[in-house]
Amino acid sequence: MISLDSILNTDMGGVAAAQSTYNPGPDDILMGQPGSRVRLSSSTLSLLQGCERKFQKTKLLHNPRVRDESPAMSFGKAYGAASQFYMILRTEGHSVQESIDSAIWELFKNYAPLLEDDRRFLERGIYTLERSIPFHEARLMEWEIASFNGKYASELSFKLEIDETYYFVGYLDLVLKNRKSGRYAVTDNKTTSLTLPDLSPVYKFSDQVLGYSIILDAIVGEQLGEFDTNYWVAQLSSRGIAAMYEPKFEQYTFPKTLKDRFEWFLKLYLDVERFKVLQGLDIYPKRGSNCNSFNRICPFFNECQFTELDKPAIYVPDETEYDFTYNLKDLFEDHQRRIAA
Ligand code: SF4
């Protein structure tokens, strides 16, 4: 039988060391105490939907591990930032060469932490970016970047207040206006190693960009009933060295309505309400189907069952200045009125 001591001292990936550093001061607020807040995002919402115990361990309890980071995340973040930067520079009138040179530097700056493996590494990121030029040039013919407050609508942030404890935040890559149809699109850059010939099933009903569309009305300056979600996907095969250097680029655009966005609000509300019921019971179900995801074992796998180790995290206030702040109740009322009109 495994003893608590052996768990603490051998197989905890740093937990044992961190137990001794857990030392809340008298002025610290602990998660769960009045005044503490829970910040949700697209990824933490997936966590909540996937395994409540994992969400609890990650967001509510003392978690000494460094953030859940991976080569795929570093690669995707760096490529996305560079792709966005290239679009802005070209829109400002810089040449292709100037823009790609600056975008490569942007990729380099954003490749942090520099986590690499045999498939995701800096050199491949630069190569992928260079190969994406025809794709981005075609997008520039099709779309223009919308403006907000005299700046390009790029990397805008918002905070959505759900209740006194929970709130949701998001960062939008780009807001675009179609040059032909005049339709607006909220756009996200993605990288994937999925090899499906058609990635529509991955993105068509994805919630992430749909939720981010709440800032469209403010940017466009009028209340939109219809808009698009738009994914620019770099598909990076991992099958063999040759395929590794043959990235494919595809755009996936899906029409959405106010009703779709209302549905997203409702799901967000229901997810949080369901979790609050479990919190009230002090029960956090363990969802075994998520212990191994994309060949990665959950970092809490060896300690998950030991609730004796649970300690509430020290609350760290969120000092971020968000570009937009919304209230979920107001959005419910506003969208109900607009859908009924
Ligand atoms: S080990 Fe499995 S059950 Fe436990 S937190 Fe991780 S995903 Fe959830």
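In this simple spin-label approximation, residue 198 and residue 91 carry label points 7 Å from Cα along the Cα→Cβ vector, and these lie 3.1 nm apart.
Computed from Cα positions, the angle between helix 328-340 and the longest principal axis of the chain comes to roughly 40 degrees. Evaluated with a Cβ-only charge set (Lys, Arg +1; Asp, Glu -1), the range 174-312 carries a dipole of roughly 340 debye about its Cα centre, given to the nearest 20.
Ordering 245, 229, 212 by Cα displacement along the dipole of the range 200-247 toward the positive end leaves 245 in first place; charges were set at the Cβ atoms of Lys, Arg (+1) and Asp, Glu (-1). Counting 0.36 nm for each residue step from residue 123 to residue 267 and taking away their Cα separation leaves a gain of 47.8 nm. In this simple spin-label model, placing a label point 7 Å from the Cα along the Cα-to-Cβ direction at both residue 29 and residue 218 gives a separation of 2.3 nm. Here's the picture: charge each Lys and Arg Cβ at +1 and each Asp and Glu Cβ at -1 in the chain, and of 100, 281, 192 the one pushed furthest to the positive end of that dipole is 192. Placing R0 at 35 angstrom, the Cβ-Cβ distance between residue 295 and residue 274 gives a FRET efficiency of 0.75 after rounding to 0.05. Whole-Hz Karplus values for the range 99-105 come out as 5, 6, 4, 5, 5, 5, 5 Hz, taken residue by residue from phi with 6.51 cos²θ - 1.76 cosθ + 1.60 and θ = phi - 60°; glycine and proline positions read x. Available extension along the chain between residue 65 and residue 49 is 3.6 nm, counting 0.36 nm per residue and deducting the alpha carbon span.
Only the Cβ atoms of Lys and Arg (+1) and of Asp and Glu (-1) were treated as charged; on that basis the dipole of the chain about its Cα centre amounts to roughly 780 debye.
In this Cβ point-charge picture (+1 for Lys and Arg, -1 for Asp and Glu), the range 144-236 has a dipole of about 460 debye about its Cα centre. Relative to the longest principal axis of the Cα atoms of the chain, helix 133-142 runs at roughly 70 degrees.
In terms of the Cα gyration tensor, with a ≥ b ≥ c the square roots of its eigenvalues, is the range 278-337 rounded because a/c is under 1.5, prolate because a/b exceeds b/c, or oblate? Taking the square roots of the gyration eigenvalues as a ≥ b ≥ c, the range 278-337 is prolate. Residue-wise HN-Hα couplings along the range 272-289, as the Karplus relation 6.51 cos²θ - 1.76 cosθ + 1.60 with θ = phi - 60° gives them from phi, are 5, 4, 4, 5, 5, 5, 5, 4, x, 8, 6, 10, 10, x, 9, 9, x, 5 Hz; Gly and Pro carry x.
Under a 5 Å amide H cut-off, with hydrogens placed 1.01 Å from N, residue 156 pairs with 172 among residues at least 5 apart or on other chains.
No value in this document is a laboratory result; all are computed from the given coordinates. This is a predicted model, so every value here is computed, not measured. Every residue, glycine as well, gets a Cβ built from its backbone with ideal geometry; the counts of neighbours run over all protein chains shown.
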